[in-house]
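Read the structure below first, then the notes.
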Amino acid sequence: MSLYLDTLLTKLRSLCVFRDILSDPVISSLCDFLEFDGDDSAAVGLYCEFVSRLYKTGRTDLSKYVAELARCCDNPLVRKIGEGKQPREVMKKSAEYELGVLSDLAALDPKKLKDKLSYDGALPEWTTSKTDIFGDFKAQTENIEKHGYGIFAKYRAFRDEGGAVKPVKAADGVRLSDLVGYQREKKLIIDNTRALLEGKPAANILLTGDAGTGKSSTVKAVVNELWEEGLRILELKKEQLHDLPEILSELNRNPLKFIIFIDDLSFTQNDDNFSALKATLEGSISAKAQNVVIYATSNRRHLVKEKFSDREGDDIHRGDTMQEIVSLSERFGLHITFSRPNKETYLEIVRHLLDSAGAEYDPEKLDSAAERFALTRASRSARAAKQFADSVLSGAEEVK
């Protein structure tokens with residue numbers, strides 16, 4: 001092996017602050033190639049394995065790939081900074097040295113690896129480009145409350161998997177400009193979310209209303225508008241609410257701001273998840289985070305399904321019990337109702353969707369067909385408007 005490659009491998013093996021980068025599939029395969037000292041046939045295979053793994057990430061530019069690894073590395077230094085603490089000088093010096101190593105790695109030219117081989121046949125290559133890993137890392141840490149670190153620097157949406165926060169790699173890309181109507185409702189949500197981002201008191205929000213009126217889409221659209229300002233969303237299912245204390249404990253140390261999103265929320269009596277959410281909304285000691293709000297949607301005004309038979313029974317303090325059941329929704333600081341759109345708004349949504357797609361239509365035929373479609377669904381809603389627009393775009397509805 002050349003002295004250059006031997007030195008690069010030694011430097012990579014010496015990483016400490018950024019050591020997790022060595023576990024990356026692309027970088028680990030590169031190290032396998034660099035340290036291999038066997039026959040040329042096996043070496044060619046290791047070389048191609050490295051390039052193949054780079055290609056599988058969707059990139060061919062090694063420089064940009066390494067730069068992203070450095071930016072998204074979850075390490076002790078960025079966690080200290082994220083908690084508002086000053087890292088020790090010895091750790092800062094180590095990180096500075098290692099950023100230099102990563103800069104060398106980012107500049108690695110395919111010719112240098114090919115020189116290790118005696119094979120003169122065709123081999124895949126990659127490209128390199130100018131990067132400023134030092135500058136990017138400095139900008140990230142100086143504005144870590146907007147950029148975040150680790151998976152939070154790379155993704156905007158997350159889900160709970162057994163108490164662990166995992167990224168949603170293909171999040172819904174809906175934008176506020178895609179949503180017609182409900183201007184007052186959207187403004188309330190945006191204003192509350194901006195208060196969260198600015199470090200001001202922000203309310204937990206309950207969004208209720210008819211199905212298909214755009215409650216969930218509005219929350220996701222707000223995140224898509226504001227994520228570059230440091231907003232992230234973590235979706236929880238009702239049955240995962242028992243994970244809330246553990247999740248909040250983790251997010252509380254994070255410099256970013258989070259919406260915990262619970263869609264289509266409702267409970268039955270004696271539901272353990274009821275108590276978990278109630279404790280969080282009341283701000284129990286074990287479940288309080290200043291950088292987190294809860295946004296929940298429900299088609300029900302009262303979140304607990306109550307039967308007439310529930311009003312009977314032998315509970316001595318039945319009145320207190322019933323009050324607790326029906327008052328959970330009141331523990332949200334802000335309650336926003338999405339009412340079913342009227343005919344004019346429904347048709348406006350349909351036209352907006354078709355105009356955005358560049359579709360041609362006869363206004364009278366469109367309105368008539370859209371109304372018939374709504375009647376088959378027994379209601380007008382944003383969801384019905386989207387379904388009708390999709391049927392027009394697919395050719396199932398004739399409106400010209």
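The values are calculated or read from the model by the stated rules, or taken from the named source; none is laboratory data. All values reported here derive from a predicted model rather than from experimental measurement. Counting neighbours? That spans all protein chains shown, and the Cβs are built from the backbone with ideal geometry, glycine included.
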### Query
Looking only at residues in the stretch 347-400 that are under 28 Å from the mean Cα position of the chain (by Cα) and outside any helix (DSSP H, G or I), which one is nearest to Asn299 (Cα to Cα)?
Ser381
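So, of the residues in the stretch 273-291 that are assigned to a helix (DSSP H, G or I) and among the aliphatic types (A, V, I, L, M), which turns out to be modelled with the highest pLDDT? It would help to see each step written out before you state the result.
In the first step, residues of the stretch 273-291 are kept if they are assigned to a helix (DSSP H, G or I); the result is 273-281.
Adding the requirement that they be among the aliphatic types (A, V, I, L, M) leaves 276-277, 279, 281.
Numbers: Ala276: 71, Leu277: 78, Ala279: 71, Leu281: 75.
Top of the filtered list is Leu277.
Criterion first (surrounded by fewer than 18 Cβ atoms within 10 Å (Cβ to Cβ), under 27 Å from Asn254 (Cβ atoms) and hydrophobic (A, V, I, L, M, F, W, C)) does Val26 satisfy it? Spell out the reasoning first.
Values: surrounded by fewer than 18 Cβ atoms within 10 Å (Cβ to Cβ): no; under 27 Å from Asn254 (Cβ atoms): yes; hydrophobic (A, V, I, L, M, F, W, C): yes.
Judged against the criteria, Val26 is not a match.
Among the helices (runs of 4 or more DSSP H) lying completely within the stretch 173-272, list those that include at least 2 residues that are over 12 Å from Val293 (Cα atoms) and free of Cβ contacts under 8 Å to residues at least 12 places away in the same chain.
Working: elements: 183-197, 215-226, 244-251.
It comes to 183-197.
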### Message
I'd like the full set of residues that are modelled with pLDDT under 95, aliphatic (A, V, I, L, M) and either outside the structural domain of Lys85 (by TED's automatic domain parsing) or assigned to a helix (DSSP H, G or I) (or both), limited to the stretch 98-138.
### Response
Leu113
### Task
Please identify the pairs in which a residue from the stretch 46-69 that is over 22 Å from Leu117 (Cα atoms) has its Cβ atom under 9 Å from the Cβ atom of a residue that is outside any helix (DSSP H, G or I) and of a type in the set (Lys, Arg), counting only partners at least 6 apart or on another chain.
Ser63/Lys130; Tyr65/Arg59; Glu68/Arg59
### the stretch 1-23 - residue that is surrounded by 14 or more Cβ atoms within 10 Å (Cβ to Cβ) and aliphatic (A, V, I, L, M) and, of those, farthest from Pro76 (Cα to Cα)
Met1
### Summary
Residue hits (the stretch 170-209; within 21 Å of Val350 (Cβ to Cβ) and in contact with a Phe, Trp or Tyr (Cβ under 7 Å, 6 or more places away or on another chain)) are Tyr182, Glu185, Gly209
